[in-house]
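Visitor: First, the structure itself, so that you have it in front of you.
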Amino acid sequence: MNKLFVTTSVLLLLAATPTFGNLGLATTSGSPSASTINSDDKITSDVKTAISSDKDLARFLPLIIIRTDNGTVVLSGFVADEKGRLAIAEKAKGIPGVAHVLNRLEVKPDQYSK
């Protein structure tokens with residue numbers, strides 16, 4: 001009985017401490033927090049702004065999708081050349097808060113010849 005009480009007390013104490021989640025011991029429902037969503041939305045917006053402000057890259061925006069999940073920017077869609085594909089990824093990497101960039105952009109010159 002004493003052992004159960006002590007174990008329960010320790011768990012309750014740990015659960016009440018702010019660093020408990022940082023120890024990797026806390027469980028979550030798997031859904032992102034509101035602050036993560038806001039941060040991801042801001043990162044996505046900042047990446048789009050950075051691309052649109054570059055005259056050489058802005059033309060690609062209509063055919064690309066930019067998504068952010070927990071600081072990882074995912075780029076997908078089509079660009080006209082490899083130079084554009086790499087430049088867009090570099091723009092994304094330069095945005096504060098970006099942890100990683102997953103570049104799934106495909107080079108399809110025919111999408112831009114119309």
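The values are calculated or read from the model by the stated rules, or taken from the named source; none is laboratory data. Bear in mind that the values here come from a model prediction, so they are computed numbers and not experimental data. Note that each Cβ is placed from the backbone with ideal geometry, even for glycine, and that neighbours are counted across all protein chains shown.
Visitor: Of all residues in the range 60-108, how many are closer than 19 Å to ASN38 by Cα, out of contact with any Pro (no Cβ under 9 Å at 6 or more places or on another chain) and either in a loop (DSSP other than H, G, I, E, B) or among the basic types (Lys, Arg) (or both)?
Guide: So the count comes out to 9.
Visitor: Could you list all residues from the range 64-75 that are surrounded by fewer than 17 Cβ atoms within 10 Å (Cβ to Cβ), within 18 Å of LYS48 (Cβ to Cβ) and in contact with an Asp or Glu (Cβ under 8 Å, 6 or more places away or on another chain)?
Guide: If the condition is that a residue be surrounded by fewer than 17 Cβ atoms within 10 Å (Cβ to Cβ), within 18 Å of LYS48 (Cβ to Cβ) and in contact with an Asp or Glu (Cβ under 8 Å, 6 or more places away or on another chain), then ASP69, GLY71 are the ones that fit.
Visitor: Looking at LEU61, LEU23, LEU102, which is the one that is modelled with pLDDT under 95 and either surrounded by 15 or more Cβ atoms within 10 Å (Cβ to Cβ) or of a type outside the set (Val, Ile, Thr) (or both)?
Guide: Of LEU61, LEU23, LEU102, the one residue that is modelled with pLDDT under 95 and either surrounded by 15 or more Cβ atoms within 10 Å (Cβ to Cβ) or of a type outside the set (Val, Ile, Thr) (or both) is LEU23.
Visitor: Name every residue in the range 76-97 that is of a type outside the set (Lys, Arg), over 27 Å from SER113 (Cβ atoms) and surrounded by fewer than 17 Cβ atoms within 10 Å (Cβ to Cβ), in order of residue number.
Guide: Within the range 76-97, GLY94, PRO96, GLY97 qualify.
Visitor: Residues in the range 81-96: is at least one in contact with an Asp or Glu (Cβ under 7 Å, 6 or more places away or on another chain) and among the β-branched types (Val, Ile, Thr)?
Guide: yes
Visitor: From the list ILE51, ILE95, ILE43, pick out the single residue that is at pLDDT 95 or above and touching a Gly at 6+ places or on another chain (Cβ under 6 Å). Please lay out each step first, then the result.
Guide: Details: ILE51 fails: touching a Gly at 6+ places or on another chain (Cβ under 6 Å); ILE95 fails: touching a Gly at 6+ places or on another chain (Cβ under 6 Å).
None of the others qualify; the one that does is ILE43.
Visitor: OK, next. In the range 38-58, which residue that is surrounded by 14 or more Cβ atoms within 10 Å (Cβ to Cβ) and of a type in the set (Val, Ile, Thr) is farthest from LYS108 (Cα to Cα)?
Guide: Taking the candidates together, the pick is ILE43.
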